[in-house]
Amino acid sequence: MSEIKNTPSFSSDYHPERMIDEIEENLSHGKARMEALRYGIQQADQHRDLPYQIFFRIMACRESTFYGDSMDCLIIFPELLALADQDPKLPGNPNYAFAYEIEHVMWVYKWVLTDCVDYYQISMEDCRNFFEDYRKRCVSMGISLRNYYGSMYSFYWQIDKAKAEEYFHQFEKMSRDGHSDCKACERNMEIQFYLDQNDFQKAQGLSHEIENFSLICGGESKRSAWLRMKVSYMHYYMKHKNYEKAETFCRLVERHMNGETEYECWDDFLACYAYTNMGKALKLYKEHWKEWLRLRSPLEQLEAEENICIFFRELGRVRKGKTVKIHYDSSFPLYREDGTYRIRELFDFYYRRVWQTAKKFDARNGSDYYRQELEEIFHENV
């Protein structure tokens, strides 16, 4: 914090509007911006400036959700909610299209519900409390329950498929309102649902408007919804073991993602290329192994390490020898100076990790979904 305090941008005088301008204009997304937002929270708290106590926390939740560690959002959000409840009629910040700050906070609440899916550290009781509190607030504020049912569908998909489907169809019945995600984002969720149901014809029928860009997601790039849809189709073809077709979607997404981290599905690309282009797969692994070890979201970690296991399994099948040369650095737990590793040793390392994460999710969820998925994929290998 001392570095931020001593910079010319953050004088000892309290000017929250100026501080926000400095943050948005001069600090890129990541650790430095998050530290600046924490300092803003501290200053607003010291001055008991409720509008900016709320606003800096909203910005911090956004930064941690989309550019940092979502666990920070989960820590900050209860404070944010309690502050917003102090004055439900507090006007919204003019930089955003919310009449009242509590409406903006309810939008942030949607990110928290998503985090319930991603973090096994959030107990089932806490997850249910979040969902129920969100539902009650929607009812009291006259907000459609459309997003509530959509979030419940996403949460229960890995726990109880029948219940998840019920929630999805409740989502379909609810009317849209100002609290709903954009039409393109909702359409992508519908496409994903029907692909998961193996109703390819239905999914294709829903895809036309995104394919021809008559339905786009807000933001600078009109390709956002289109790319999200292509990722869904890539997953569909990989699930059905049509890896050549899946590869065409990998290459399409790679070509158009333009630095947008949401679409940098490197571990999915790794698994796909493991079946179609092992040279490219090995190159991807060598480029990204360190960032995969550093993933903070347990669900992202589970998904990445499952794909890495697929990669090492396939590498073991196609390679003539039993070893591979990879120049890790000393941060890799199995690091050795000569850089020569048995392929089976690397597979076992990642499989132990992914199995432990799967156990933790299943224990939280009261199911065997993730362990069963691993057993189905790797039953011949472990």
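What the table below lists for this structure:
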| item | result |
| --- | --- |
| Cα gyration tensor shape of the stretch 171-217, rounded if a/c is under 1.5, else prolate or oblate by comparing a/b with b/c | oblate |
| Net charge, P78 excluded, C-beta distance under 12 Å - Lys, Arg +1, Asp, Glu -1 | -3 |
| Neighbour net charge for V139 - beta-carbon separation under 15 angstrom, K R +1, D E -1 | 0 |
| Over the stretch 253-382, relative contact order from alpha-carbon pairs under 8 Å, at least 6 apart, % | 20 percent |
| Relative intensity, log₁₀ I(q)/I(0), of the chain from a Debye sum that treats every alpha carbon as a point, q = 0.14 Å⁻¹ | -1.37 |
| Accessible area (Å², per residue) of the stretch 52-115, counting only protein heavy atoms and a probe of 1.4 Å | 39 Å² |
| Global form of the stretch 296-380, assessed from the alpha-carbon gyration tensor, a/c cut-off 1.5 | oblate |
| Qualifying trypsin sites (Lys or Arg not before Pro) in the stretch 306-363, DSSP loop, other Cβ atoms within 10 Å at most 15 | R319, K320, K322, R336 |
| Accessible area per residue, Å², the stretch 281-382 with all protein chains present, probe 1.4 Å | 53 Å² |
| Distant-in-sequence amide H partners of T323 (H built 1.01 Å from N, under 5 Å) | I343 |
| Shape category assigned to the stretch 203-249 from the gyration tensor of Cα positions, a/c cut at 1.5 | prolate |
| Choice from A82, A203, A36 showing the highest fluctuation, given a GNM over the chain with Cα pairs closer than 10 Å | A82 |
| Relative contact order, percent, the stretch 1-134 [alpha-carbon distance under 8 Å, six or more residues apart] | 15 percent |
| Accessible area (Å², 1.4 Å probe, nearest 10) - M59 | 20 Å² |
| Nearest-10 value in Å² for the accessible area of K173, using the 1.4 Å probe | 150 Å² |
| Total lysine pairs under 21 Å (Cα atoms) in the stretch 241-382, excluding pairs fewer than 8 apart on one chain | 14 |
| Trypsin sites (Lys or Arg not before Pro) lying in DSSP loop within the stretch 7-103, provided at most 11 other Cβ fall within 10 Å | R48, K89 |
| Within the chain, helix-based [θ] at 222 nm, where runs of 4 or more DSSP H residues each add -39,500 (n - 2.57), nearest 500 | -22500 deg cm²/dmol |
| Accessible area of the chain belonging to carbon and sulfur atoms, whole % at 1.4 Å probe | 46 percent |
| Cα centroid separation - the stretch 229-308 against the stretch 93-135, whole Å | 29 Å |
| Relative contact order (%) - criterion: Cα under 8 Å, at least six apart; region: the chain | 9 percent |
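The values are calculated or read from the model by the stated rules, or taken from the named source; none is laboratory data. In this text the structure is predicted, and so the values were computed from the model without any measurement. All Cβ positions, glycine included, derive from the backbone under ideal geometry; neighbour counts span all protein chains shown. For the accessible areas, the whole protein counts, side chains as well, though only heavy atoms, and no ligand, DNA or RNA atoms are used. Shrake-Rupley method; radii C 1.70, N 1.55, O 1.52, S 1.80 Å.
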